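**Q** Just dropping this structure here.
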Amino acid sequence: MFSLRLPCTVFFSPSSLCAIASIAGMVFFSSSLVANQQFDQCINRLKPQALQQGISEHTINRVLGQARYLARVIELDRRQPEFTQTFAGYFNARVTEERVRNGRRLFTAHRELFEKIERETGIPPKYLASFWGLETNYGGYFGDWSVPDALTTLACDQRRSTYFTQELFNAMRIIDAGDITPDRMKGSWAGAMGHMQFMPSTFLNYAIDADGDGRRDLWGSLEDAMASAANFLLKMGWDPDLEWGQEVRLPPDFDYALAGSHHKRPLREWITYGVTPVSGPGLLPTDQKVSLLVPAGHQGPAFLVTHNFHVIMRWNRSEYYALSVGHLADRIAGEPGLSQHPPEDEIKITRDQVRQLQQDLQALGIDAGGVDGVMGPQTRKAISVFQQRTQRVADGHLDSDLLKAVRTAAQ
């Protein structure tokens with residue numbers, strides 16, 4: 001019988017407190033015991049499934065035979081930030097002067113490798129350097145979680161078991177192929193790995209043995225990691241003849257209802273609306289279809305974004321992320337920072353407030369793309385529709401006054 005013994009020298013109600021502490025210890029032990037028993041049962045179910053998937057018994061024993069339940073991984077998977085992140089908060093934390101300096105230094109140090117990959121794939125070096133900087137701070141931090149243990153833990157959790165079971169089997173296939181040993185397969189708590197934080201499925205589909213040593217080593221071989229990232233972008237549809245986009249200026253009378261990734265128009269049409277580049281030459285060719293984004297509203301920066309911007313979003317489905325990748329790439333290549341900085345005084349909105357907003361917009365007959373607490377493109381489009389209805393600047397940007405106005409209108 002397990003009991004948690006704590007010192008009972010306290011200044012008030014010692015017997016009560018010690019009793020509570022003992023009960024708490026027993027509850028903690030009991031819940032941990034149940035979790036570990038369920039984990040063991042799950043392991044027993046996974047072993048024959050892995051065998052049916054063609055994974056060797058040797059790898060199954062090395063991974064599932066020694067798997068550890070990581071309770072902290074489940075905590076992290078359940079955790080959602082209370083507040084939705086503003087563009088200013090997201091962008092300014094990622095595109096920093098230090099990251100730009102380090103990117104330029106490493107770009108120069110590895111120029112020969114980057115240029116070799118560009119000749120072979122057409123992917124400009126500045127983008128590979130930018131992804132590298134944002135994903136692992138140029139290889140400074142891969143994550144120190146055991147990927148096999150983390151994926152096994154998540155595979156045995158009901159919330160996303162199907163997805164993580166497949167990622168676990170994919171990780172075991174990587175081990176089976178001899179690319180990495182289980183003890184060296186370190187990464188994020190969710191299973192992302194190496195310099196570019198590939199999930200196992202991405203690894204299997206796009207990783208390349210570029211240095212010819214017989215292994216796809218995305219941890220120890222920078223050549224493998226960069227070539228694999230370039231291969232991924234190429235297979236996702238990267239157009240070597242296009243940039244990602246650029247910062248632009250808008251005329252005073254601009255109709256912000258035209259903004260948003262869902263509005264794609266030929267570049268020459270945007271030019272007729274008075275949209276001009278902040279610096280340097282404009283995007284080419286003028287017949288390509290591009291979208292206009294104003295991620296911080298009409299008081300923040302504006303961007304025209306191309307097909308390649310949407311390819312970046314296939315790496316990470318966040319417009320903020322894709323804008324950060326594109327701008328950091330430009331900065332690494334020597335271009336200046338933003339002309340119009342995002343306002344720092346943007347309000348913080350909780351996920352519950354976003355859910356209420358989405359419910360209110362739906363009640364008003366405006367499609368907000370579901371009620372998930374995420375300020376995605378569809379929700380911003382819905383905000384723009386409400387702004388048009390109420391004769392506001394239809395930039396799709398949320399502030400406290402608008403939040404109240406939507407709530408009042410829906411009641």
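**Q** Take the alpha-carbon positions of segment 264-314, form their convex hull, and give its projected area averaged over all directions (one quarter of the hull surface) in nm².
**A** 3.9
**Q** At q = 0.07, 0.10, 0.11 Å⁻¹, what base-10 log of I(q)/I(0) does the Debye formula yield for the chain when every alpha carbon is treated as an equal point scatterer in vacuo?
**A** Summing over Cα pairs of the chain leads to -0.44, -0.84, -0.96.
**Q** Could you give the angle, 0 to 90 degrees to the nearest 10, between helix 351-363's Cα long axis and the longest principal axis of the Cα atoms of the chain?
**A** For 351-363 against the chain, the angle is about 60 degrees.
**Q** Hey, another quick one. Cα centroids of segment 117-188 and segment 310-344: how far apart, whole angstrom?
**A** Taking the Cα centre of segment 310-344 as reference, the centre of segment 117-188 is 23 Å away.
**Q** Ignoring ligands, DNA and RNA, please state the percent of accessible area on the chain from carbon and sulfur, probe 1.4 Å.
**A** After summing per-atom areas, the C and S share lands at 50 percent.
**Q** When the helix-only estimate is applied to the chain (DSSP H runs of n ≥ 4, each -39,500 (n - 2.57), divided by the residue count), what is the mean residue ellipticity at 222 nm, nearest 500 deg cm²/dmol?
**A** My calculation for the chain gives -15500 deg cm²/dmol from helical runs alone.
**Q** Next up: Evaluate the charge dipole of the chain about its Cα centre and quote only its size in Debye, nearest 20, assuming +1 on the Cβ of each Lys and Arg and -1 on the Cβ of each Asp and Glu.
**A** It works out to roughly 800 debye.
**Q** With everything on Cα atoms, drop me the angle between helix 97-109 and the longest principal axis of the chain, reported from 0 to 90° to the nearest 10.
**A** 90
**Q** Which value, in Å², gives the accessible area per residue of segment 346-411 when a 1.4 Å probe is used on the protein heavy atoms?
**A** That works out to 51 Å² for each residue.
**Q** A follow-up question, please. Per residue, how much accessible surface does segment 108-256 expose to a 1.4 Å probe? Answer in Å², no decimals.
**A** Per residue, segment 108-256 has 39 Å² of solvent-accessible surface.
**Q** For the chain, find the longest principal axis of its Cα atoms and tell me its angle to the long axis of helix 400-410, 0 to 90°, nearest 10.
**A** 80
**Q** Taking a 1.4 Å probe, which of His195, His397 shows the most accessible area, and what order do the others take after it?
**A** His397, His195
The values are calculated or read from the model by the stated rules, or taken from the named source; none is laboratory data. As the structure is a computational prediction, the values presented were derived from the model and not from experiment. Cβ atoms come from the backbone with ideal geometry, glycine included; neighbour counts cover every protein chain shown. Accessible surface areas use protein heavy atoms only, side chains included; no ligands, DNA or RNA. Shrake-Rupley method; radii C 1.70, N 1.55, O 1.52, S 1.80 Å.
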